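Colleague: Structure provided below as structure tokens; questions to follow.
FYI, it's all coordinate maths here, none of it is from the lab. These figures come from a predicted structure and were not determined experimentally. Every residue, glycine among them, receives a Cβ derived from its backbone with ideal geometry; neighbour counts consider all protein chains shown.
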């Protein structure tokens with residue numbers, strides 16, 4: 001059988017890719033069944049990210065928690081409700097993880113953890129050409145493992161007094177929920193069908209204290225409404241021809 | 001088409017209309033202020049609240065006519081962007097939406113048809129054959145809408161297609177925009193007939209096909225074309241009849257027969273007028289060819305790829321047709337002869353932006369879910385449940401601009417309620433799906449509404465009152481059908 005040059009290149013590339021996947025898989029063999037994240041406000045503009053994952057550790061008993069927020073630090077971790085002290089920052093290729101030694105091997109465990117995320121609520125500002133500048137949260141979870149994640153959810157609890165102003169991702173209004181917990185507004189997004197390897201779940205919304213909660217602006221709004229209404233009624237009742 | 005742009009000296013308002021003008025601005029502002037300054041309901045974003053406040057304010061201004069509609073549309077654009085109801089790029093982008101281009105192209109086509117004289121010939125032919133009286137003209141247009149719904153699978157294309165013909169029929173009847181009850185009734189019935197006839201034919205608009213998909217996926221029930229037709233056709237026919245009778249009550253036509261005058265001022269018959277047109281001129285033949293080509297492309301929408309290897313959207317068909325009217329040798333029109341009511345284009349863009357903001361911000365979905373969630377619907381009994389669901393399904397169009405978004409939210413919710421109540425899901429979901437095209441109460445609710453509103457023959461309040469009454473009649477017809485026709489066909 002005679003293979004042309006292009007076919008040979010494609011076959012060689014496929015052969016090479018098979019090996020690269022095998023090496024990657026050997027590094028992170030844990031399989032995540034479900035993964036949920038919940039950001040809650042902490043001191044200043046920081047947040048604490050509470051994670052909960054149902055996962056089968058790799059053959060060495062390791063579980064890998066992805067690092068999705070810059071400069072975040074794993075503060076504490078529990079496996080099946082018991083605190084674990086053996087964890088470290090690690091990298092598989094260029095992908096950063098928190099590596100946790102569970103003590104279990106290739107049997108499902110429930111891992112919970114608390115991750116400190118500095119300046120999570122101090123992100124970039126939207127600067128619209130018309131309208132009010134607001135803070136924006138743009139968060140994306142990327143499945144960097146080689147296995148599909150069974151289900152994924154993220155909840156973001158906003159600091160007291162703040163509320164979601166406009167949501168840009170996910171696009172469909174049926175895909176997210178806005179709620180309230182303990183007096184704080186929340187944003188919740190769930191991907192029930194799971195996330196494939198290299199797939200992602202993104203949320204993006206602006207938030208802040210709306211102008212309608214600010215006394216000075218409220219006063220100005222009602223003064224304007226009263227003034228304009230008074231003038232219109234006076235003019236139109238006062239003999240102005242109404243056509 | 002000159003009738004659209006006729007300017008007549010407005011008379012001073014009296015009674016209710018006068019008070020609406022006096023109180024319109026204060027009521028609109030207070031409503032806006034009250035909504036925007038209230039605490040944002042849990043489950044809704046601030047954007048949603050701002051969109052509702054802006055739309056409510058605009059609705060009061062449109063209905064009361066306290067400021068000109070084009071000014072209220074500009075106000076919507078400014079307030080939406082300043083209050084956070086929608087971002088500037090999105091709001092301004094509405095002027096580039098397909099519906100605006102479709103309207104511009106439709107008016108170019110209408111201008112070309114009018115200039116050539118072909119539109120008048122066609123209108124005289126239709127009126128002399130089928131619409132020799134005002135009532136016959138209205139009934140024949142209902143029949144035309146039904147027939148077109150079978151062959152043209154788009155409500156918007158059908159509206160654009162009938163626009164030049166309806167305008168010329170108005171001209172034959174000497175109907176002056178804003179004053180003539182005949183013109184008002186004809187254009188509003190076009191809105192109703194266009195939408196309601198669609199509800200009888202499953203394939204007449206895409207969201208209905210989508211609803212059938214949901215019913216199959218969520219309830220496991222197959223709804224065939226014939227099942228839909230047998231359930232929807234009697235409801236549509238009776239609703240159109242109700243629309244006709246309500247229209248006659250509300251806006252009794254001031255003319256019974258077209259009055260045609262010759263140059264010396266004496267009247268003559270339609271047949272004489274039609275005969276006086278003589279044989280078709282070359283310019284009329286050009287207009288006929290372009291119009292026939294346009295209709296052909298709209299009718300064959302689903303087969304373009306097989307025929308040409310590429311698809312032409314309905315709006316691009318209209319733009320192509322407008323282009324042909326302007327081209328040398330082929331066309332017959334220049335820009336100065338084109339009559340586009342720009343103030344109504346501005347209104348359409350602003351009103352559509354206000355409606356779209358409700359969809360995009362999630363406000364419409366929030367309101368619908370709130371209504372369904374507020375009652376313990378599962379425990380109220382089957383018939384009351386049916387009536388409540390039909391009412392909400394039909395009138396929910398008032399907060400949705402997009403039929404697709406409404407279908408996505410409405411049908412799964414109705415299937416869920418039916419399952420919770422232990423009712424056969426299809427018994428609620430299919431009748432609810434028959435209300436998807438009930439978008440007849442306000443101009444921004446769907447594209448055909450905007451197209452016919454742009455003729456200037458009716459006001460927002462005319463459409464609102466007439467539309468609400470017709471939908472109430474349809475609701476009643478559905479209630480009667482629950483005990484009669486729906487049982488005969490085994491739906492309930």
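Colleague: Between residue B:241 and residue A:184, how many nm apart are label points set 7 Å from Cα along the C-beta direction?
Modeller: Rounded to a tenth, the inter-label distance reads 6.2 nm.
Colleague: How high is the relative contact order of chain B, in percent, counting Cα pairs under 8 Å that sit 6 or more residues apart?
Modeller: That works out to 23 percent.
Colleague: Hey, what number do you get for chain A at 222 nm if only DSSP H runs of n ≥ 4 count, each worth -39500 (n - 2.57), divided across all residues, to the nearest 500?
Modeller: Value at 222 nm, helices only, nearest 500: -6500 deg cm²/dmol.
Colleague: By how many degrees, 0 to 90 and rounded to 10, does the Cα axis of helix B:118-130 deviate from the longest principal axis of chain B?
Modeller: 70
Colleague: Mind pulling the angle between the C-alpha long axis of helix A:5-27 and the longest principal axis of chain A? Nearest 10 degrees, somewhere in 0 to 90.
Modeller: Rounded to the nearest ten degrees, it is 80.
Colleague: What's the exposure ranking of A:9, B:169, going from fewest to most Cβ atoms within 10 Å?
Modeller: A:9, B:169
Colleague: Just want the ordering: B:161, A:223, B:491, from fewest to most Cβ atoms lying within 10 Å of their own Cβ.
Modeller: Going from sparsest to densest Cβ surroundings: A:223, B:491, B:161.
Colleague: Still on this model: Any idea what the relative contact order of the stretch A:107-243 is, in percent, if you count C-alpha pairs under 8 Å spaced at least 6 apart?
Modeller: This gives 27 percent for the stretch A:107-243.
Colleague: Gain in length, residue A:213 to residue A:52, computed as 0.36 nm per residue apart minus the alpha-carbon separation, to one decimal in nm?
Modeller: 54.5 nm
Colleague: Take the alpha carbon gyration tensor of the stretch B:195-234, find the square roots of its eigenvalues, order them as a ≥ b ≥ c, and report rounded if a/c is under 1.5; if not, report prolate when a/b exceeds b/c, else oblate.
Modeller: Note, shape of the stretch B:195-234 comes out oblate.
Colleague: Remind me, relative contact order of chain A in percent, using alpha carbon pairs under 8 angstrom and six or more residues apart?
Modeller: 19
Colleague: Let me ask something else about it. When a/c is below 1.5 the answer is rounded, else prolate if a/b is larger than b/c, else oblate, so apply that to the stretch B:23-115 with a ≥ b ≥ c taken from the square roots of the Cα gyration tensor eigenvalues.
Modeller: oblate
Colleague: Also: How far, in degrees from 0 to 90, does helix B:134-151 lean away from the longest principal axis of the Cα atoms of chain B, to the nearest 10?
Modeller: Around 70 degrees separate the two axes.
Colleague: Classify the stretch B:245-363 as rounded, prolate or oblate, taking a ≥ b ≥ c as the square roots of the eigenvalues of its Cα gyration tensor: rounded when a/c is under 1.5, otherwise prolate if a/b is larger than b/c and oblate if not.
Modeller: It is oblate, given that a/c is not under 1.5 and a/b is not larger than b/c.
Colleague: In what sequence do A:151, A:145 fall when counting other Cβ within 10 Å, fewest first?
Modeller: A:151, A:145
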